[in-house]
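Have a look at the structure below, then the notes.
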Amino acid sequence: MVLSRSILKSEVKDLKIKKNESVKELVNSFETVGGFTAANVFQGVKILREMIADEKCTKILSFPADLISTGVRGVFADSIKNFNAVITTCGTLDHDLARAWGGKYYSGSFDFNDAELKRIGVFRLGNVLIPSEDYGVVLEKNMKPVLEELVRIKNEWSTWELVREFGRRIKDENSIIRQAYLHDVLVFVPGVTDGAFGTQLTLFSQDHDFKVNVLKDERELSRVVLESKKLGALMIGGGISKHHTIWWSQFKGGLDYAVYVTTASQYDGSLSGARLSEAVSWGKVKVKAKFVNIDGDASVILPLMLAGL
């Protein structure tokens with residue numbers, strides 16, 4: 001790319017924190033701060049604002065499960081109505097349902113002794129603490145009655161249908177799958193067996209004529225993509241959630257809008273570290289798309305960005 005001095009058009013300005021300044025005002029002031037990640041956060045807000053306002057755009061939200069063990073779960077639940085589809089992991093269902101059914105999660109420390117935590121029956125997820133009885137036991141107790149009801153309706157389900165039915169039956173308004181049900185947002189879980197939710201499905205299938213049809217999910221996701229006029233995505237973290245988002249997008253010519261938040265490095269060739277510019281080479285993001293990569297912890301960046309909207 002040939003550059004000229006015409007690129008020198010946005011002068012760096014000193015950031016001044018004003019008394020009683022709102023978070024939205026603060027994020028908007030990042031435009032001219034030239035502050036590395038701060039500048040990209042501003043660009044992310046700008047792209048999301050345009051994407052959400054674009055009525056021709058089908059919007060996808062993708063994220064992994066770890067954030068759902070934190071209070072950021074509430075941010076996802078509040079914002080899900082702005083999207084047409086969610087692509088996530090089995091652990092999202094685990095944590096969302098466990099908490100919806102009364103499971104209690106607690107703040108802890110990355111430095112706790114894990115052998116001692118095992119002795120007292122507490123799981124550690126980063127610096128989040130989960131009593132063992134508030135996780136798998138809660139899911140086992142509450143999932144089976146729902147599955148007993150569903151198998152009487154039919155014996156073969158896609159994951160988006162299962163998630164919709166669980167969302168219909170829970171009452172927690174901070175639940176992601178509850179809000180997805182209320183706002184008719186499709187939730188796809190391509191790795192549905194990789195977690196406690198999937199294990200319960202497997203155990204239930206051992207003595208019931210019950211099947212999960214993942215190809216039905218793929219057909220529905222392909223329909224969402226191929227019937228779109230434009231495509232946009234907010235992607236938090238990498239892995240299967242991000243890959244499924246960009247993989248299907250390539251069959252529509254790539255994303256028109258894309259915002260990606262990650263803590264991963266690109267130098268190991270992982271998808272989590274891969275920047276959106278790499279996706280351009282695959283046709284998963286359009287050459288002329290509006291996109292930005294934001295490096296940092298989504299538990300900080302996502303609330304900032306959504307408040308900035």
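The values are calculated or read from the model by the stated rules, or taken from the named source; none is laboratory data. Since the model is a prediction, treat every value here as computed from it, not as a measurement. Using ideal geometry, Cβ is built from the backbone for each residue, glycine included, and neighbour counts are taken over all protein chains shown.
Some notes on this structure:
- Residues in the stretch 162-171 that are in contact (Cβ under 8 Å) with a residue 40 or more places away in the chain and surrounded by 17 or more Cβ atoms within 10 Å (Cβ to Cβ): LEU162, VAL163, PHE166, ILE170.
- Exclusive hit being over 30 Å from GLY253 (Cα atoms), within 18 Å of the chain's Cα centre (by Cα) and at pLDDT 95 or above, set GLY198, GLY167, GLY191: GLY167
- Considering residues of the stretch 256-273 that are modelled with pLDDT under 95 and under 15 Å from THR245 (Cβ atoms) only, the residue nearest to the chain's Cα centre (by Cα): SER272
- The requirement of being over 24 Å from ILE240 (Cα atoms), of a type outside the set (Asp, Glu) and in a loop (DSSP other than H, G, I, E, B) is fulfilled nowhere in the stretch 132-141; no residue meets it.
- For the stretch 271-286, a residue qualifies if it is surrounded by fewer than 20 Cβ atoms within 10 Å (Cβ to Cβ) and in contact (Cβ under 8 Å) with a residue 24 or more places away in the chain, and the qualifying residues are LEU271, SER272, GLY273, VAL280, TRP282, GLY283.
Here's the yes/no breakdown for (1) at pLDDT below 95; (2) in contact with a strand residue (DSSP E or B) (Cβ under 6 Å, 6 or more places away or on another chain); (3) among the hydroxyl-bearing types (Ser, Thr, Tyr):
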{"site": "LEU203", "(1), (2), (3)": "no, no, no"}
{"site": "ASN213", "(1), (2), (3)": "no, yes, no"}
{"site": "LYS216", "(1), (2), (3)": "no, no, no"}
{"site": "LEU221", "(1), (2), (3)": "no, yes, no"}
{"site": "GLU278", "(1), (2), (3)": "no, no, no"}
{"site": "ALA298", "(1), (2), (3)": "no, yes, no"}
{"site": "ALA307", "(1), (2), (3)": "yes, no, no"}
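- Check on THR70, under 18 Å from HIS95 (Cα atoms) and either free of Cβ contacts under 8 Å to residues at least 24 places away in the same chain or not small (Gly, Ala, Ser) (or both): yes
- Scanning the stretch 183-203 for residues that are farther than 13 Å from LYS144 by Cα and of a type in the set (A, V, I, L, M), we see that the one that is surrounded by the most Cβ atoms within 10 Å (Cβ to Cβ) is VAL189.
- Residues that are of a type outside the set (Val, Ile, Thr) and without any contact (Cβ under 8 Å) to a residue 24 or more places away in the chain within the stretch 183-211 comprise ASP184, LEU203, SER205, GLN206, ASP207, listed in sequence order.
- Residue match in the stretch 137-146 (condition: of a type in the set (Asp, Glu), surrounded by 13 or more Cβ atoms within 10 Å (Cβ to Cβ) and touching a residue at least 60 places away in the same chain (Cβ under 8 Å)): yes
- Filtered by the rule that a residue be under 19 Å from GLY74 (Cβ atoms) and over 20 Å from the mean Cα position of the chain (by Cα), the stretch 109-134 gives LEU129, ILE130, ASP134.
- Any hit, the stretch 250-266, residues being out of contact with any Gly (no Cβ under 9 Å at 6 or more places or on another chain), surrounded by fewer than 22 Cβ atoms within 10 Å (Cβ to Cβ) and without any contact (Cβ under 8 Å) to a residue 24 or more places away in the chain: no
- Options GLY103, GLY121, GLY136, GLY108: the member that is in contact with a Lys or Arg (Cβ under 8 Å, 6 or more places away or on another chain) and small (Gly, Ala, Ser): GLY108
- Restricting attention to the stretch 204-223 and to residues that are under 27 Å from the mean Cα position of the chain (by Cα) and not charged (D, E, K, R), the residue that is surrounded by the fewest Cβ atoms within 10 Å (Cβ to Cβ) turns out to be LEU215.
- Residues that are hydrophobic (A, V, I, L, M, F, W, C) and either surrounded by fewer than 21 Cβ atoms within 10 Å (Cβ to Cβ) or over 19 Å from GLN43 (Cβ atoms) (or both) within the stretch 234-245 comprise just one, ILE240.
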